[in-house]
Amino acid sequence: MRPRAFDLIAFDWDGTLFDSTAIIVRSIQAAVADVGGTVPDDGVASYVIGMGLMQALAHAAPDVPPERYALLGERYRHHYLARQHDISLFPGVLPMLHMLRERHHWLTVATGKSRRGLDEALRSTELQGVFDASRTADETAGKPSPLMLNELMREFGVEPERVLMIGDTTHDLQMAVNAGCASVGVSYGAHQPDGFAALSPRHVAHSVADLHAWLEAYA
């Protein structure tokens, strides 16, 4: 049966499905300290989540010279990998995804993570066969460029009005606007939801249970 409103649902990863915001923030701060930059506060470090890695690090550490960006990226990956096994899906995410699959939505991921990082996360046994496709910033373009969503729409032959983007940052919602797609914001991730209204999400979910209920009723 044709889904109610959306054929394709694209999820951001970190802070939307994966409870990783705090670890990413700490890893950014530690990496900047390692290369001698001014350590960003939690607000600045969380704001860049969802961007491509080097775009995010350059924004979070504007006093680090470009010639040290490669080292900055290496130090971020070092700190993140040391903590990654402490990260898990938010409670309730798997039942929500299985509900959507049973309703025959195409489920995809559009993330600022690298392809290597996402593939490692997707190797989890519980996620095998859950997602139909994914795009990462390093193989397309960082948010809010619409390229990730544009490629997913082409792959499945879906029009923008039949696509829903779900994310925890203004970068996610702006990407949806740029692609002509609908969006839903979640308030439990990296960004405070104060800035969401200007980007006209269909809903702002304050928990995974809230998101599940909205999707079941309206997606």
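In debye, nearest 20: dipole of region 21-86 around its Cα centre with unit charges on the Cβ of K, R (+) and D, E (-)?
Numbers: 5 positive and 7 negative charges, 32 e Å.
Approximately 160 debye in magnitude.
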* Would you mind working out the magnitude of the charge dipole of the chain relative to its Cα centre, with +1 at each Lys and Arg C-beta and -1 at each Asp and Glu C-beta, to the nearest 20 Debye? => 280
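Which order do peptides 59-65, 84-90, 161-167 fall in by mean Cβ count within 10 Å, highest first?
Values: 59-65: 16.6, 84-90: 14.0, 161-167: 24.1.
Packing order, densest peptide first, comes out as 161-167, 59-65, 84-90.
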* Asked: On the first, second and third principal axes, largest extent first, how far apart are the outermost C-alpha atoms of the chain in Å?
  -> 56, 36, 31
* Asked: Over the C-alpha atoms of region 1-126, what are the Rg and the largest Cα-to-Cα span, Dmax, in Å?
  -> 16.7, 56
* Structure fact -> Neighbours of residue 171 by Cβ distance under 10 Å: Lys/Arg at +1, Asp/Glu at -1, summed charge -2
* Structure fact -> For region 21-86 the translational diffusion coefficient, Stokes-Einstein from a Kirkwood Rh over Cα pairs at 4 °C and viscosity 1.567 mPa s, in µm²/s, is roughly 114
* To do: Grab the alpha carbons of region 141-219, take their convex hull, and tell me the volume per residue in Å³.
  => 83
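No value in this document is a laboratory result; all are computed from the given coordinates. The shown structure was predicted, so the numbers you read here are calculated from the model rather than taken from an experiment. We place every Cβ from the backbone using ideal geometry, glycine too, and count neighbours over all the protein chains shown.
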